[in-house]
Amino acid sequence: MRRIFLALTTIAMTGWAATTGVAQAAPTPTPSVTAAPTPTPVCPPVTPIGGRVSVATTTSLTIDYFIAVSPPCGYRPPITVRLFTSREDAFAWQNPVAETVSGPERDGSVTFERLTPDTEYWFGFRDSDGRWEPYYGGTGRTTALASCRATATIDSRWGTGFVATVTVRNVGAQPLDQWRVSWRWAGDERIQAVWGGIVDPAGTDVVVRNAPYNGTVAPDGTTTFGLLVTTSTTPAGLTLNCAR
């Protein structure tokens with residue numbers, strides 16, 4: 001009798017465990033993972049790249065460039081520099097007349113050769129990732145071909161001044177219809193009088209333009225003007241620049 005009771009009790013306990021689920025482990029919930037958004041870089045309010053013409057000759061321009069900030073806000077060298085003959089083409093990055101690539105330096109320079117004398121050019125930049133500056137970088141002008149040459153002769157000198165004659169020669173192939181001679185004093189020189197020209201006094205920098213009657217000079221022809229100058233020390237000579 002006792003055996004029958006134990007058997008029935010075992011069967012009943014097994015059935016109760018099956019119906020209540022005590023013997024089964026509860027499922028573990030899987031946590032959800034949300035990816036963090038990629039932060040948007042805050043770029044400083046500066047031009048990412050800038051440049052200027054440092055040297056200009058009759059047929060060349062040297063452009064210095066400087067990268068202000070690095071990617072993602074700035075540019076990555078090497079830099080492609082393009083030259084344009086109009087502001088519109090520079091803005092649109094189209095119809096370049098010349099192109100060159102810089103070295104790996106963040107601050108460097110490039111030189112364009114075989115350009116047209118006395119011509120204005122616009123330049124722009126593009127980096128190694130193909131991004132181009134939305135604004136043109138700047139402008140530069142090649143210098144004009146020499147049209148005249150000026151030489152000075154000191155005719156007389158004394159303790160507080162001197163008299164000089166300046167000769168202007170047309171070295172171009174076309175007649176001059178005007179000319180200007182400029183130079184810089186080395187000391188305390190001051191012009192007291194000019195004949196054969198009109199002076200633009202500007203401190204140590206001096207410009208003398210032609211008079212109304214001697215502005216026209218034929219090829220290989222000459223004209224002159226004179227100077228009366230006061231000074232504490234008479235210079236050995238004058239280094240003059242002449243242009244149309």
Subject >> Mean separation of Cα contacts under 8 Å, 6 or more apart, over the residue count of region 60-214: relative contact order % >> reply: 17 percent
**OP:** Show the residues, 5+ positions off or on another chain, whose built amide H is closer than 5 Å to the amide H of Ile49.
**Re:** Ala68
Original post:
Residues of region 162-240: accessible area per residue at 1.4 Å, in Å²?
Top reply: 51 Å²
Original post:
Which order do Leu61, Leu228 take by accessible area at a 1.4 Å probe, largest first?
Top reply: Leu228, Leu61
Original post:
Taking Cα centroids, how far is region 209-227 from region 81-112 in Å?
Top reply: 41 Å
Subject >> Distance between modelled label sites at Asp107 and Thr59, nm, 7 Å Cα→Cβ extension >> reply: 3.2 nm
Subject >> Relative contact order, percent, region 126-219 [alpha-carbon distance under 8 Å, six or more residues apart] >> reply: 24 percent
**OP:** About the Cα centre of region 59-148, how large is the charge dipole given +1 on each Lys and Arg Cβ and -1 on each Asp and Glu Cβ? Please answer in debye to the nearest 20.
**Re:** 80 debye
Original post:
Once you charge only the Cβ atoms, +1 for Lys and Arg and -1 for Asp and Glu, what is the size of the charge dipole of region 162-244 about its Cα centre, to the nearest 20 debye?
Top reply: 80 debye
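The values are calculated or read from the model by the stated rules, or taken from the named source; none is laboratory data. Computed from a predicted structure; not experimentally measured. Ideal geometry is used to build each Cβ from the backbone, glycine not excepted, and the neighbour counts take in all protein chains shown. Side chains included, ligands, DNA and RNA excluded: accessible areas come from the protein's heavy atoms. Shrake-Rupley method; radii C 1.70, N 1.55, O 1.52, S 1.80 Å.
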